[in-house]
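Step one of this worksheet: look at the structure below.
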């Protein structure tokens with residue numbers, strides 16, 4: 001049993017950290033958000049460094065030894081508040097390509113992702129932030145040899161930069177049913193495809209996606225017809241564990257930053273760090289972070305194993321991390337006082353991202369119910 | 001990075017599970033899991049069953065009759081014995097004093113006292129806390145004044161667990177008032193079966209009897225009963241507490257409670273429908289379960305780090321705080337799910353006739369209130385937060 005990164009993961013960690021320390025302080029982050037060309041250039045640099053390939057194993061065309069490698073990247077992205085769509089293109093999109101395509105089509109699609117040439121976005125439908133694709137509002141009907149797809153999704157994450165959408169559409173049954181959801185690869189420049197770009201509150205790119213009678217061939221189908229939901233759930237389990245590790249990077253930064261601030265900020269003749277009520281608040285931030293970290297690491301190590309265990313650990317981690325992230329982010333802002341709510345400091349930006357992470361892919365309530373269902377009578381809480 | 005346990009450790013887990021399944025009397029497990037207490041004779045019987053394997057003294061090295069386990073094996077023991085509902089042994093003697101004597105005792109102390117622990121002849125209790133020394137342990141006042149080859153000991157110990165069933169007590173005593181408070185404290189072994197030693201029970205919520213007040217008045221204790229050097233108790237105390245630092249997670253016992261909670265959730269409630277249909281309740285259960293998983297893996301993380309030579313930080317305090325809170329949450333759920341039947345006082349049930357409530361529910365309320373102590377003793381949650389904060393702030 002070992003909870004430490006191995007030598008290769010450590011090297012990857014150091015490399016990502018050095019790269020982001022150079023390129024991605026708060027000021028350069030602000031500039032990136034106003035300059036799509038610079039964002040695209042940064043993505044290309046990440047591809048050249050091999051970061052995108054770190055989300056794929058060698059037999060998939062990448063460089064990863066295991067799925068943990070991409071989690072190491074995400075942990076550092078959390079520390080440095082990276083808004084690049086690694087999560088959506090490399091991890092979730094990548095996993096859908098791995099699971100849903102085969103042969104040359106798969107190899108080519110993955111190769112262009114690894115090269116930094118292709119960006120992906122999952123449009124799982126509905127108002128949810130990317131979970132419960134069984135509730136999708138996209139529909140697809142058989143039309144001769146092909147399909148006609150239509151529908152709208154207001155917030156598709158990375159929809160602004162994607163050249164390919166992976167759309168979950170209902171092809172049979174009705175809203176809420178597990179069967180009858182099919183995944184389609186939709187090219188952004190196809191007829192009937194329109195999008196309007198936006199950003200979410202955490203500065204990540206997104207778009208409204210509207211599909212008006214988009215005609216697709218059978219070759220656009222990803223995975224089995226009517227059986228797309230398990231693919232989405234698998235991909236989202238990887239995404240869940242990724243944001244959990246991202247949150248750890250963020251929280252483990254916020255704690256010493258907050259401790260340092262309270263040591264230097266003097267009020268009523270004493271540094272804030274002398275007040276026991278604030279000391280205990282920071283101790284609680286630490287308690288929350290440490291327990292969340294254990295689960296994020298366990299979930300990362302469970303990705304390549306049994307699918308039920310992967311899902312169970314992903315949900316358990318999401319519950320822990322969601323609660324911890326909200327608490328730690330909130331207290332970091334609170335203890336920084338006015339500076340905490342200022343956009344000039346990174347503290348508030350971390351707080352925003354941590355809150356979005358709690359909402360992404362199902363919140364604490366959603367995942368505690370999912371964990372409960374998976375931990376039911378057939379599965380023991382206690383495993384060896 | 002991996003979640004794999006050594007084959008040796010895995011084999012031990014299997015061996016323990018098989019042993020408990022075969023040898024642990026179901027009545028002992030039932031009582032332990034239901035919060036009921038075993039008699040001293042039952043403890044001694046269980047002790048004798050473990051003896052063949054050396055498991056009655058799980059922390060001891062082989063040469064002294066123990067299994068010679070490393071930290072991971074000890075933790076697996078804690079986990080599996082808790083999960084099986086194995087009664088906790090004469091913990092103070094075997095897990096606290098035994099290792100102290102092995103590490104710090106004189107050859108004479110070891111030769112005389114260790115066999116008496118192994119045979120259950122001696123039951124020790126721990127005289128640490130006092131009326132004016134709780135969390136602030138170094139403030140203790142019990143005096144030991146040198147007089148020839150004896151110390152004359154006077155003072156009061158409070159919250160002394162098991163004093164009412166013990167014949168001996170090891171005390172932290174003040175042998176000097178000069179210098180720093182910690183430096184004037186010595187570790188002294190005192191026979192309780194003599195005039196001048198008075199034990200008074202303290203009943204805690206639910207009329208539980210486990211703690212006592214122990215008064216010692218002008219009792220002569222031979223200097224040969226000193227463990228370590230005079231004034232050297234602080235290091236011994238740190239060693240003693242260090243031996244059980246991961247115990248505060250209560251992982252095995254918490255998992256046993258969690259299993260009961262999950263089973264009751266899946267059962268039908270008073271309305272004839274599974275309790276799990278109560279979404280709010282089901283969510284609370286799932287959240288405690290994920291809390292427990294996170295605690296379990298945090299404990300494994302600390303253990304694995306220690307075994308690879310990384311020194312533990314304040315994660316140990318995290319474990320102490322969360323272990324207590326989680327057990328409180330689990331016992332609360334058990335009490336609540338038992339509804340009216342979970343509200344009874346186990347010591348005020350009608351005598352004779354069929355049981356009014358199932359035996360496993362009788363102690364639910366008592367147990368819940370008893371678990372309040374977990375976040376108070378052994379360094380309260382507030383003290384643990386002080387420790388964590390000191391490290392974060394480098395003060």
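The values are calculated or read from the model by the stated rules, or taken from the named source; none is laboratory data. These numbers were taken from a predicted model, which means no experiment stands behind them. Counting neighbours? That spans all protein chains shown, and the Cβs are built from the backbone with ideal geometry, glycine included.
Kindly list the number of the only condition in (1) closer than 25 Å to residue B:301 by Cα; (2) away from every other protein chain (no Cβ under 14 Å); (3) modelled with pLDDT under 95 that fails for residue A:2. The one condition residue A:2 does not meet is (2). Being out of contact with any strand residue (DSSP E or B) (no Cβ under 9 Å at 6 or more places or on another chain) and at pLDDT 95 or above: is that true of residue A:210 here? For residue A:210, the condition - out of contact with any strand residue (DSSP E or B) (no Cβ under 9 Å at 6 or more places or on another chain) and at pLDDT 95 or above - is not met.
Quick grid of which residues meet (1) assigned to a loop (DSSP other than H, G, I, E, B); (2) away from every other protein chain (no Cβ under 14 Å); (3) surrounded by 17 or more Cβ atoms within 10 Å (Cβ to Cβ):
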position	(1), (2), (3)
B:347	no, yes, no
B:350	yes, yes, no
B:354	yes, yes, no
B:365	no, yes, yes
B:368	no, yes, yes
B:371	no, yes, yes
B:379	yes, no, yes
B:382	no, no, no
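If you go through region A:92-109 one residue at a time, how many are in a helix (DSSP H, G or I) and surrounded by fewer than 24 Cβ atoms within 10 Å (Cβ to Cβ)? Summing the residues that are in a helix (DSSP H, G or I) and surrounded by fewer than 24 Cβ atoms within 10 Å (Cβ to Cβ) in region A:92-109 gives 10. Residue A:278 is checked against (1) more than 14 Å from chain B (Cβ to nearest Cβ); (2) free of Cβ contacts under 8 Å to residues at least 60 places away in the same chain; (3) in a helix (DSSP H, G or I); (4) farther than 23 Å from residue B:287 by Cβ and fails just one. What number does that condition carry? Status for residue A:278: all satisfied but (1).
Could you list all residues from region B:283-309 that are free of Cβ contacts under 8 Å to residues at least 24 places away in the same chain and either over 23 Å from residue A:288 (Cβ atoms) or more than 8 Å from chain A (Cβ to nearest Cβ) (or both)? Correct list: B:308, B:309. Taking the numbered list (1) surrounded by 15 or more Cβ atoms within 10 Å (Cβ to Cβ); (2) within 14 Å of chain B (Cβ to nearest Cβ); (3) more than 28 Å from residue A:14 (Cβ to Cβ) in turn, residue A:185 passes all entries but (2). Taking the conditions exactly as written (touching a helix residue (DSSP H, G or I) at 6+ places or on another chain (Cβ under 6 Å) and at pLDDT below 95), does residue A:322 satisfy them or not? Answer is no for this residue. None of B:80, B:103 is within 18 Å of the chain's Cα centre (by Cα), touching a residue at least 40 places away in the same chain (Cβ under 8 Å) and not in a loop (DSSP other than H, G, I, E, B) except B:80.
As for region B:246-258, it holds no residue that is assigned to a helix (DSSP H, G or I), without any contact (Cβ under 8 Å) to a residue 24 or more places away in the chain and either surrounded by fewer than 21 Cβ atoms within 10 Å (Cβ to Cβ) or within 24 Å of the chain's Cα centre (by Cα) (or both). Take region A:360-384 and flag every residue that is modelled with pLDDT of 85 or more and surrounded by fewer than 21 Cβ atoms within 10 Å (Cβ to Cβ). Residues satisfying the conditions are A:363, A:365, A:366, A:369, A:373, A:374.
Residue-wise test of (1) under 20 Å from the mean Cα position of the chain (by Cα); (2) loosely packed, with under 15 Cβ neighbours inside 10 Å.
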residue	(1), (2)
B:6	no, yes
B:26	no, yes
B:30	yes, yes
B:45	yes, no
B:50	yes, no
B:56	yes, no
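If you go through region B:168-199, how many residues are surrounded by 12 or more Cβ atoms within 10 Å (Cβ to Cβ) and in contact with a strand residue (DSSP E or B) (Cβ under 8 Å, 6 or more places away or on another chain)? Residues that pass the stated criteria total 21.
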